[in-house]
Amino acid sequence: GKELFAEAIHLESRRKEGPFVIVNCDAIPASLFESELFGQRGSLEKEGRLLLAHGGTIFLDEVDGLQPDMQVKLLRALQAKKVYPVGGQEPIAIDVRVIAASSRDLKKLIQQGTFREDLYYQLNVVSLNIPPLRHRKEDIPDLVYALTREFSNAYGAIKEIEPELMTILLNYPWPGNITELRNVVERLVILAEG
């Protein structure tokens, strides 16, 4: 759900013609994160994700997963609007909108000393709190109908959601949030005979 919100913000902005780059901060090993984010110069030339997002938006998902040293480097890059690729000598200017997301409470992490307060305030220009799907059941029918259309088109099948099934979907707690809902609807479209 967070990624969909971030992409919607990007697509409705003045930066929509620019790139939309996604970085899952938990998925990249700490040893590779600096070169992934800032790029690399030398024998292994590589554009970093911040440079790839130039003119557009970078979405830092699970930003709370950044190691303390990377938090410092990200903060410095965002403040200066420049990156220093690994092995490079000259800074490169960047122009990106940063959208950061976390499923954990960053203020609590600041109190625990695992997330930098200055980085929090650098990122926290506008805050959006997206409640889990179980707290916004009124969204489920629209999501189910849209996903049913999407997967029916993708698989060349005409499927409709019966009222009894919608009742079941509305009463389910959705611990896996929108990702789980998406997978359930896709499975229904693939396997259901009616």
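The values are calculated or read from the model by the stated rules, or taken from the named source; none is laboratory data. Nothing here was measured: the structure is a model prediction, and the numbers come from that model. So basically every Cβ, Gly included, is an ideal-geometry build from the backbone, and we count neighbours across all protein chains shown. When the accessible area is computed, the model is the full protein with side chains, heavy atoms only, and any ligands, DNA or RNA have been set aside. Shrake-Rupley method; radii C 1.70, N 1.55, O 1.52, S 1.80 Å.
Quick look at the numbers
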{"item": "Per residue accessible area of the range 70-194, 1.4 Å probe, in Å²", "result": "65 Å²"}
{"item": "Surface share of carbon and sulfur [accessible, 1.4 angstrom probe, percent] for the range 79-165", "result": "49 percent"}
{"item": "³J(HN,Hα) computed for each position of the range 95-107 - Karplus, 6.51 cos²θ - 1.76 cosθ + 1.60, integer Hz, glycine/proline x", "result": "10, 9, 8, 10, 10, 10, 9, 8, 8, 10, 6, 5, 5"}
{"item": "The chain - share of DSSP beta bridges that are antiparallel (%, nearest 5)", "result": "30 percent"}
{"item": "Pairwise label distance in nanometres, GLN79 with ASN24, each label 7 Å out on the Cα-Cβ vector", "result": "3.1 nm"}
{"item": "Projected label distance in nm at GLU3 and ARG136, using a 7 Å step from Cα toward the beta-carbon", "result": "1.8 nm"}
{"item": "Alpha carbon centroid spacing (whole Å) that separates the range 109-136 from the range 1-51", "result": "19 Å"}
{"item": "Amide H within-cut-off set for LYS82, under 5 Å, with H built and near neighbours excluded", "result": "ILE94"}
{"item": "Neighbour cut-off at most 12 other Cβ (10 Å), DSSP loop, GluC sites (Glu not before Pro), the range 102-188", "result": "GLU160"}
{"item": "Label-point separation in nm, ALA192 to LYS159, each point 7 Å along Cα→Cβ", "result": "0.7 nm"}
{"item": "Of (1) 35; (2) 16; (3) 31, the label for percent of Cα pairs over 30 Å apart derived from the coordinates", "result": "(1)"}
